[in-house]
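So the structure is just underneath, and the comments pick up after that.
The values are calculated or read from the model by the stated rules, or taken from the named source; none is laboratory data. If you're wondering where the values come from, they're calculated on a predicted model, not measured in any experiment. Please note: Cβ atoms are built from the backbone with ideal geometry, for glycine as well, and neighbour counts cover all protein chains shown.
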Amino acid sequence: MRTELKEALHGSKNMPLWLDRSDRPHTAPCLSARVETELAIVGAGFTGLWAALLAKEAHPDLDVVLIEAGSVGDGASGRNGGCVSTTLTHYQSNRDLGLPEGEPEMATLGRQNAEGFLDDLKRYRMQVDYEPTGYLHVAVQADQIRALQALYELDQKSGTASVLLDREAVQKEVASPAFLAGHWDKQTRLGILHPGKLVDGLREAACKRGVSLYENSPLTQLAAADSGSDILLTSAHGQIRARKVLLATHAYPSLIPQTRCSLMAPIWEYALATEPLSEAQMASIAWSGRQCISGEENFFHYYRLTSDNRIMIGGGVPDFFLSNSGRFIDQDDPASFEGIAFYFFTIFPQLKGLRFSHRWSGAIGASRDHSLHFGQAMNDRVVWVQGYSGQGVTPCRFGARGGLALLGLGETELARLAFVQRRPVHWPPHLLRWLGANVTFSALEKADRNQGKKGLWLKMLDRTGFGIKI
Ligand SMILES: Cc1cc2nc3c(=O)[nH]c(=O)nc-3n(C[C@H](O)[C@H](O)[C@H](O)COP(=O)(O)OP(=O)(O)OC[C@H]3O[C@@H](n4cnc5c(N)ncnc54)[C@H](O)[C@@H]3O)c2cc1C
């Protein structure tokens, strides 16, 4: 089997499928001078790009500079599964997040954000291969069937359109002998898109509105200017003097020294994409609904079709490294890729012989409460947004809106939300975090192999609120 997996992976490119396109825009200049601006946005992933676009939309005369360490979309935004969701965080309920009574429901905020997201795609005519496929959760072990039933019961209560599929019904939807049951969430705002095209679409829309973009310009320092009212952002060859700053650097080390590493735990995920399937191969898997699929394991896999009928698959056991220095580039970990390939052929044994064309990794920024959060520094002239913890395709638009609101450049009512106002919780020191994460990862893996049964360690984490959700 190992040899077959190696063969299937042999010759695959170590780069995200989504960024391997000849129609990508030309590289923007690097910052090589002193520039003044009213708003500087650091990081050109979904968050930074949405923030730049929405800031210009709300204030056409505002001077906006967007600065990126590498190329636009180099971070998680160019590396994800492209699964569009209506949730903002792993928590759906206000109670889970400890929000006070009377606040808008998280589920409502998430739905409204997803609606706005899809409206914006239409308004800007972004060609992102969006397909409203819904989301199919599948059980591949008997213990997971209960979780699907629980999802269905919740949907019944909230009036969400979904169906519970038994073994025969789920295998009719997608011909995998591994599927024992399914829960198909049929909300029209759930679907799949091409993350690379979204990144480029946002970039084009923002630049058309007059945003100045710099690429290949890692910022190394953020400090108050002598006058005290401006912020100086320094890179190797240039400097930006800005009235206000939005940090959209996600899992990367923060430019704010006090929170440099304590708010985010960068967790590495791995992904693969196959070559395009032939008509016969497509017929053999009968995936006509083209849903985004995910398992119910702790370390679940998710998979989807692309517009040219490849299958992109990610997930499995992630990595959390003791040292992150220099790691924010493609991690080439053969064992992780073989693990995903093994899972792939367990789900689709009929595709034996199919090869993978691309393999890549990406960092998920996990926050302590598994939810995106906001922070403010330097008399509130610097705001940061981060902590999506494995979500983000749609939540980043909310993150951008919340960040702009806190800077006084967006929707004032958003800045008043308890969800936006709540402050992040710090992780324990890095060494402890690394030890804890690795013990927890092993325990989660063991539970996945053991019909989901949690051992003492996981039970204790659940009780103390340190459980991991990605
Ligand atoms: C493998 C994988 C699969 C995922 N799948 C999904 C999914 O299916 N659905 C979903 O909703 N979410 C998914 N996510 C999560 C989602 O991709 C992220 O939450 C989201 O892209 C975060 O966007 P961002 O703009 O905040 O960060 P990023 O896209 O990481 O952008 C941050 C940018 O900041 C730049 N930067 C950092 N430091 C500096 C500096 N000092 N100077 C200048 N620039 C800097 C970086 O180069 C980077 O481009 C996935 C993530 C991964 C890794």
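Annotation: ARG381 fulfils all but one of (1) basic (Lys, Arg); (2) within 29 Å of HIS194 (Cβ to Cβ); (3) touching a strand residue (DSSP E or B) at 6+ places or on another chain (Cβ under 6 Å); the unmet one is (2).
Listed here are the strands (runs of 3 or more DSSP E) enclosed by segment 234-323 that have at least 2 residues being modelled with pLDDT of 95 or more and of a type in the set (Ser, Thr, Tyr): 265-274, 301-305.
When each of GLY11, GLY81, GLY73 is tested for being assigned to a loop (DSSP other than H, G, I, E, B), in contact (Cβ under 8 Å) with a residue 40 or more places away in the chain, outside the structural domain of PHE337 (by TED's automatic domain parsing) and on the phi > 0 side of the Ramachandran plot, the lone residue that passes is GLY73. Test TRP384 against the stated conditions and say whether it is among the aromatic types (Phe, Trp, Tyr), within 22 Å of the chain's Cα centre (by Cα), buried (at least 20 other Cβ atoms within 10 Å of the Cβ) and outside the structural domain of LEU88 (by TED's automatic domain parsing). No. Taking each residue of segment 368-397 that is of a type in the set (Ser, Thr, Tyr) and looking for partners that are in a loop (DSSP other than H, G, I, E, B) and away from the ligand (no atom under 14 Å from the Cβ) with beta-carbon atoms closer than 7 Å, six or more apart or interchain, yields SER371/TYR91; SER371/LEU97.
Quick one: in segment 199-230, which of the residues that are surrounded by fewer than 20 Cβ atoms within 10 Å (Cβ to Cβ) and among the hydrophobic types (A, V, I, L, M, F, W, C) is modelled with the highest pLDDT? Ranking the qualifying residues of segment 199-230, first place goes to CYS207. Counting the residues of segment 1-21 that are surrounded by fewer than 18 Cβ atoms within 10 Å (Cβ to Cβ) and under 18 Å from LEU202 (Cα atoms) gives 2.
Looking at segment 88-115 only, could you name the residues that are part of a helix (DSSP H, G or I) and surrounded by 16 or more Cβ atoms within 10 Å (Cβ to Cβ)? Passing the criteria: MET106, ALA107, LEU109, GLY110, ARG111, ASN113, ALA114. Every listed requirement among (1) at pLDDT below 95; (2) crowded, with 21+ Cβ neighbours inside 10 Å is met by GLY399 save one, (1).
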